[in-house]
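Structure record follows, encoded as structure tokens.
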Amino acid sequence: MIKKIINRIIDVLWIGFSLLFLLSQTTKLEFISPTIRNFSFLMTILGFVFLILRILRIKISEKINRIVIIPLVLIGGLVITSFDWVGTWKTQTILYNHGHFKFKTIESQMQDKGALGYNRRIVEVTKLAGFLRIIEPVDTAKVGLPWIKVDKDINELKLK
């Protein structure tokens, strides 16, 4: 009974993380934290491996599951988290705050590409949760009410 409940919880978490990861790759949804992005990528890959094993009806003993798969998940998570291959977008300046909604801002962001320099963008950011946001490119020449100009320096890249 408890094993069934645990399996259902794991299935729901896998579907949730996989859905969030796939949405972040195909829509304007973006993870704020690279650690959560990498963890959902790892959960998506592992979920598909276990799904293939279920479909092919390959049985894995509990000993193999504990001895091999759990350390592989932990090592894979550490490797993916420690190597951030795609630099995340960091807020340099909050240009505008929304007059009605505190969770909406227009920000100037930069992405560190290493030796290749930096990418720059100006986007409207809608924060959904502590780890998710929706990004929409915006032209600041067409910004009007209800946006309030603030020009607040954040400098997440610690450039100066």
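How many of the residues in the range 84-113 are basic (Lys, Arg), open to solvent by 70 Å² or more (accessible area, probe 1.4 Å) and modelled with pLDDT of 90 or more? Even if it seems obvious, please write down each step before you answer.
Taking the range 84-113 as the starting set, the residues that turn out to be basic (Lys, Arg) are 90, 102, 104, 113.
Then keep just the ones that are open to solvent by 70 Å² or more (accessible area, probe 1.4 Å); that gives 102, 113.
Checking which are modelled with pLDDT of 90 or more leaves us with 102.
Counting residues in the range 84-113 that are basic (Lys, Arg), open to solvent by 70 Å² or more (accessible area, probe 1.4 Å) and modelled with pLDDT of 90 or more gives 1.
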*Considering only the range 21-43, how many residues are hydroxyl-bearing (Ser, Thr, Tyr) and either crowded, with 18+ Cβ neighbours inside 10 Å or modelled with pLDDT of 85 or more (or both)?*
4
*residue 18 passes all but one of (1) surrounded by 15 or more Cβ atoms within 10 Å (Cβ to Cβ); (2) modelled with pLDDT under 85; which number fails?*
(2)
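Quick check on my filter: what residues within the range 133-145 are modelled with pLDDT under 90 and of a type outside the set (S, T, N, Q)? Give the derivation first.
At the first step, the residues of the range 133-145 found to be modelled with pLDDT under 90 are 140-145.
Once the filter is applied, which keeps residues that are modelled with pLDDT under 90 and of a type outside the set (S, T, N, Q), the range 133-145 yields 141, 142, 143, 144, 145.
Please report, ordered by residue number, the strands (runs of 3 or more DSSP E) entirely within the range 114-157 with at least 1 residues that are under 21 Å from residue 87 (Cα atoms), of a type in the set (Asp, Glu) and open to solvent by 50 Å² or more (accessible area, probe 1.4 Å). Don't jump to the end; show me each part of the working.
Working: elements: 118-127, 132-137, 147-153.
Strands (runs of 3 or more DSSP E) meeting the threshold: 132-137, 147-153.
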*Read through the list (1) modelled with pLDDT under 80; (2) open to solvent by 100 Å² or more (accessible area, probe 1.4 Å); (3) not in a loop (DSSP other than H, G, I, E, B), then give the number of the only condition that residue 7 fails.*
(2)
*If residue 12 satisfies every condition in (1) surrounded by fewer than 10 Cβ atoms within 10 Å (Cβ to Cβ); (2) assigned to a helix (DSSP H, G or I) but one, which is the exception?*
(1)
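The values are calculated or read from the model by the stated rules, or taken from the named source; none is laboratory data. Keep in mind that what you see is a predicted model, and the values were worked out from it rather than measured. Here Cβ is always computed from backbone atoms with ideal geometry, including for glycine, and neighbour counts include all displayed protein chains. For the accessible areas, the whole protein counts, side chains as well, though only heavy atoms, and no ligand, DNA or RNA atoms are used. Shrake-Rupley method; radii C 1.70, N 1.55, O 1.52, S 1.80 Å.
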